[in-house]
Structure formats: C-alpha cells, structure tokens
Amino acid sequence: MKTITTIKEMQAITAALKKKNTLGYVPTMGYLHEGHIQLIREARKANDIVVVSIFVNPLQFGPNEDFDSYPRDFERDGRICIEEGVDYIFYPSVEEMYPSPLSVKVLVQERTNVLCGESRPGHFDGVATVLTKLFHIIAPERVYMGMKDAQQVAVVSGLISDFHFPIELIPVATVREEDGLAKSSRNVHLSPEEREQAPILYQSLLQAKELTEAGETNPNAIISRMRNLIETKTSGTIDYIEIYSFPELRPIEKLEGKIIVALAVKFSKARLIDNLVLTVE
C-alpha cells in the first residue's frame, strides 16, 4: 500500500492504472470503523485497484460544528487499510485541496432542504464540491458509500447523474453494533449512559417498519410513535424524524412505494443519524 498526499501524483497514478485496471473508490474522513471496512471490502471484491481517501473536509462543517474535534488517527487508519488490502490512500492536506479561495462551488438544488440538509445549511454543497474534486482526481469506475447517510447517497447520485461522471455509485447497507447502533466515528463522543440509550434510535426505526408492515399508511402516526419512544427512553434531543420518498426525498401524505424513515438525535457531544429505506406495497 502507498500513501499519496498530492493531487498531481494521485492523478498520475490513477491515469496510468486505469489503462488496464478497474478502480474502486471509498471516500472517507478517516477514523475508520467497521462501516468503512465494509465499504472497502465491497470495493475489493469488484475492482482491481482500491483507493481510499482520508480528508476531513472543512467545507461541509458549519461554524458551530465539530471540525476541530472530529476524531483523527491516521496511523490507525493506515493499519486498517493495509489489513483490508487497500492499494492507495489519498491523504491530502487542507492546503493541498484548497490552496486558495474557491472561485467555483457546487450548489446542490434538490434533496437538501430536508433531513440533515435543513439543519445544516451548506453542508451538502461542501460534500458535493469536495467529491467533484475527488472524482476528477481519482477518476474511479465505482464509488462506495454507506446507506447510514442515505441523504448523502441521494445527493451524490444526483451529482453523478447531473455532471455525467462515468462512475457507478454502489450503496452499501449500514453496519451496526450488536445492539443495533449504527457504526459512526462520532460514537466515541457518547457518554457511557448515552451509549446505553443510543440503540433506542434503531429500535424506533424497527418500530416504524413493524407499523408499515401492519398496514399503517399515515406518516404522522409513525413519526409520533417514534418520537414518544425516543423522548421517553433517551436523554437525547430530537433534531428530526421524517419520512420521504426515496431517493427523491419529497414529502408524502401516504406511505407507498420506496420510502426513507430517517432521524437525527443530539446527545451532549454527538449528533447521531440513522435511517431505514423501506418498500411499502
């Protein structure tokens, strides 16, 4: 495995490799966990070369968010990548990616005025901008992203389609702890008491699934039941619980077709997100 820190070298390497190899790409902000490992393994199955980028992107953090405290441990990440057979890590500095103020940024028009996008204005603009740069630098055939952040998957699907990137987006199912909590780099910020409570988030999603299977078609009824469970069983503050069509992320009055049930809950030092994508007959 080789670590690359400059755009010029990464572009030269991938340009040469792509003449005879397929290239799978896993974009990350580091502090890798089992969710990232699953993405890497899926990429390893289907591609000759696997590239992982590790870059904590300042553009997707708001002024009061956790950019400075976001967990970082490159040595640990490197060991994981070696163990999982990654061929290249792209590990640029902020100065390498943004050497001067940007004259052009990507503005995401759809699929962002709900869920995390509503409470984090500009977040997905930052995600789309950095991924546009990374897609041009790495030029993969396939990119692998986790469904834990299903809104990000929906936004990136639109980015790839609208900008005609010759890239296949591979969504990978959320990886969970044994008690159901979605794997996240931010889980380390939970207190012991909050960590005990956190699996309630997934339990509320399973409750929503059970209700739809029992014939409930009113989104508000399901949201109310979920809200009650989270508020009575955890100390977290609900940011949102919402149900939309997927991947369009449009409001629906009746549950039918492919939908997403999504939530975000704030604990003292961590904001956790989770979701289920369901097909309602």
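Once you sort the root eigenvalues of the Cα gyration tensor of segment 12-76 as a ≥ b ≥ c, which label holds: rounded (a/c under 1.5), prolate (a/b larger than b/c) or oblate (the other case)? It comes out prolate by the Cα gyration axes.
In the structure shown, the pairs K183/K233; K148/K269; K45/K209; K45/K258; K105/K269 are assessed against 23 Å; a Cα-Cα span above that value is assigned to K45/K209; K45/K258; K105/K269.
Here the contact order of segment 45-145, divided by its residue count and restricted to Cα pairs under 8 Å and six or more residues apart, works out to 38 percent. For segment 185-276, relative contact order (Cα pairs under 8 Å, six or more residues apart, normalised by length) works out to 31 percent. Just want to confirm a number: the relative contact order over the chain, from Cα pairs under 8 angstrom separated by 6+ residues, in percent. Relative contact order here is 17 percent.
Counting other Cβ atoms within 10 Å as a rough exposure proxy, the listed residues V155, V172, V26 run V172, V155, V26 from fewest neighbours to most.
Assuming charge only on the beta carbon of Lys and Arg (+1) and of Asp and Glu (-1), the dipole of the chain about its Cα centre is about 560 debye to the nearest 20. Report the residue, chosen from Y25, Y240, Y70, that carries the largest GNM mean-square fluctuation when the chain is represented by alpha-carbon nodes joined by springs under 10 Å. Residue with maximal mean-square fluctuation among Y25, Y240, Y70: Y70.
GNM on the chain, alpha-carbon springs under 10 angstrom: the most fluctuating residue among T232, T212, T132 is T232. Couplings for segment 227-233, taken from phi via the Karplus curve 6.51 cos²θ - 1.76 cosθ + 1.60 with θ = phi - 60°, read 4, 4, 5, 5, 5, 8, 10 Hz in order; Gly and Pro are left as x.
Starting from one equal scatterer on each C-alpha and no solvent at all, send me the Debye-based log10 I(q)/I(0) for segment 50-209 at q = 0.12, 0.19, 0.21 Å⁻¹, two decimals. Each listed q maps to, in turn, -0.63, -1.61, -1.75.
Taking D68, D77, D239 as the candidate residues, the one with maximal mean-square fluctuation in a Gaussian network model of the chain, Cα springs under 10 Å, is D68. Taken one residue at a time, the phi angles of segment 19-28 give Karplus couplings (6.51, -1.76, 1.60, θ = phi - 60°) of 5, 9, 9, 8, 10, x, 10, 10, x, 9 Hz. Gly and Pro are set to x.
In order along segment 211-219, the phi-based Karplus estimate (6.51 cos²θ - 1.76 cosθ + 1.60, θ = phi - 60°) of 3J(HN,Hα) comes to 5, 5, 5, 7, x, 5, 10, 8, x Hz; Gly and Pro are listed as x. Restriction of the GluC sites (Glu not before Pro) in segment 196-270 to DSSP coil positions whose beta-carbon has at most 16 other beta-carbons within 10 angstrom yields E216, E248, E253, E256. Only helical runs count toward this figure. For the chain, summing -39,500 (n - 2.57) over DSSP H runs of n ≥ 4 and dividing by all residues gives -11500 deg cm²/dmol at 222 nm. For segment 124-255, what class follows from the C-alpha gyration tensor (a ≥ b ≥ c being the square roots of its eigenvalues): rounded when a/c is under 1.5, otherwise prolate if a/b is larger than b/c, else oblate? Verdict is oblate for segment 124-255.
Any read-out appearing in this document is the output of simple, stated calculations on the displayed coordinates, not a laboratory observation. These numbers were taken from a predicted model, which means no experiment stands behind them. Cβ sites come from the backbone with ideal geometry, for glycine too, and all protein chains shown count toward neighbours.
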